[in-house]
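A short worksheet on the structure shown next.
The values are calculated or read from the model by the stated rules, or taken from the named source; none is laboratory data. The shown structure was predicted, so the numbers you read here are calculated from the model rather than taken from an experiment. FYI the Cβ positions are ideal-geometry reconstructions off the backbone, even for glycines, and counts take in every protein chain you see. Ligands, DNA and RNA are stripped out before the accessible areas are found, and what is left, the full protein with its side chains, is counted by its heavy atoms. Shrake-Rupley method; radii C 1.70, N 1.55, O 1.52, S 1.80 Å.
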Amino acid sequence: MRAKKVIVIHVRDDVEKEEFMKEIQRLNTSAFVYIHGKLNSLKVNVQGTKDEIREALRAIREVHKRVRGRLYPDRQGLYHYVPDDIFREAGANVSIPILIRALELLGEKVELKEEYIRTSMPWRDIVTLTKRLGEALAQIALQTTRQIREVAVPVAVAFDLDPEDVLEKLVELGLAEFKEDKFKYELVKNKEQAIEILLKHLKGEENED
């Protein structure tokens with residue numbers, strides 16, 4: 001039996017409205033969803049079976065929660081992001097450890113929760129950062145192991161360096177080596193040691209300048 005349900009979702013501004021509409025268009029639901037935009041609200045009309053409507057409304061409310069989490073900081077001044085939303089918007093598929101490390105290196109507050117990232121970096125900035133990380137990753141992906149990428153890529157982006165130069169610096173400092181048989185750079189030290197020594201060296205070079 002077909003049914004209909006109408007709900008009203010309140011939005012603060014056009015940016016929230018646009019982000020919400022964009023996410024709703026990506027929503028894969030069995031129900032028919034029609035949205036009519038008003039000044040500070042959206043009238044959502046959902047049609048289908050009772051189960052389809054219930055599932056669609058749950059998904060719509062979840063979308064709105066995600067959109068608000070990415071646009072407005074919580075009481076600690078942190079935004080809430082679902083990692084897949086960031087990667088999709090940026091058109092880049094970097095690993096979560098690379099993104100977290102880059103945020104830390106840039107001095108942002110960041111916490112990794114089970115399903116989302118809390119950070120002080122605003123939405124547009126984190127999308128731009130992820131694009132840059134994706135570009136740096138693509139440049140060295142074929143000649144590196146996952147471990148060394150998690151050091152070289154965030155450092156390259158945070159310090160505005162060529163990722164290949166970072167690889168060479170890691171070798172120069174005895175933190176990595178190029179394995180001729182595998183045609184890949186690999187870490188000699190563990191990740192934490194490597195990044196600590198590399199950062200100390202880079203900051204020392206900055207002070208010399």
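Some notes on this structure:
- Residue within segment 56-65 that is in contact with a strand residue (DSSP E or B) (Cβ under 6 Å, 6 or more places away or on another chain), of a type in the set (Lys, Arg), on the phi < 0 side of the Ramachandran plot and open to solvent by 80 Å² or more (accessible area, probe 1.4 Å) present: no
- The residues of segment 150-209 that are of a type in the set (Asp, Glu), out of contact with any helix residue (DSSP H, G or I) (no Cβ under 6 Å at 6 or more places or on another chain) and assigned to a helix (DSSP H, G or I), listed by number, are 164, 165, 168, 172, 192, 196, 205, 206, 208.
- Pick from segment 119-145, criterion touching a helix residue (DSSP H, G or I) at 6+ places or on another chain (Cβ under 9 Å) and among the basic types (Lys, Arg), ranking: nearest to residue 194 (Cα to Cα): 132
- Of all the residues in segment 84-135, those that are out of contact with any Gly (no Cβ under 8 Å at 6 or more places or on another chain), open to solvent by less than 20 Å² (accessible area, probe 1.4 Å) and in a helix (DSSP H, G or I) number 12.
- Screening 139, 147 for residues that are more than 18 Å from residue 189 (Cα to Cα) and touching a residue at least 24 places away in the same chain (Cβ under 8 Å) leaves exactly one candidate, 139.
- Taken as a whole, the condition of being surrounded by 14 or more Cβ atoms within 10 Å (Cβ to Cβ) and either under 27 Å from residue 80 (Cα atoms) or of a type in the set (Gly, Ala, Ser) (or both) applies to residue 195.
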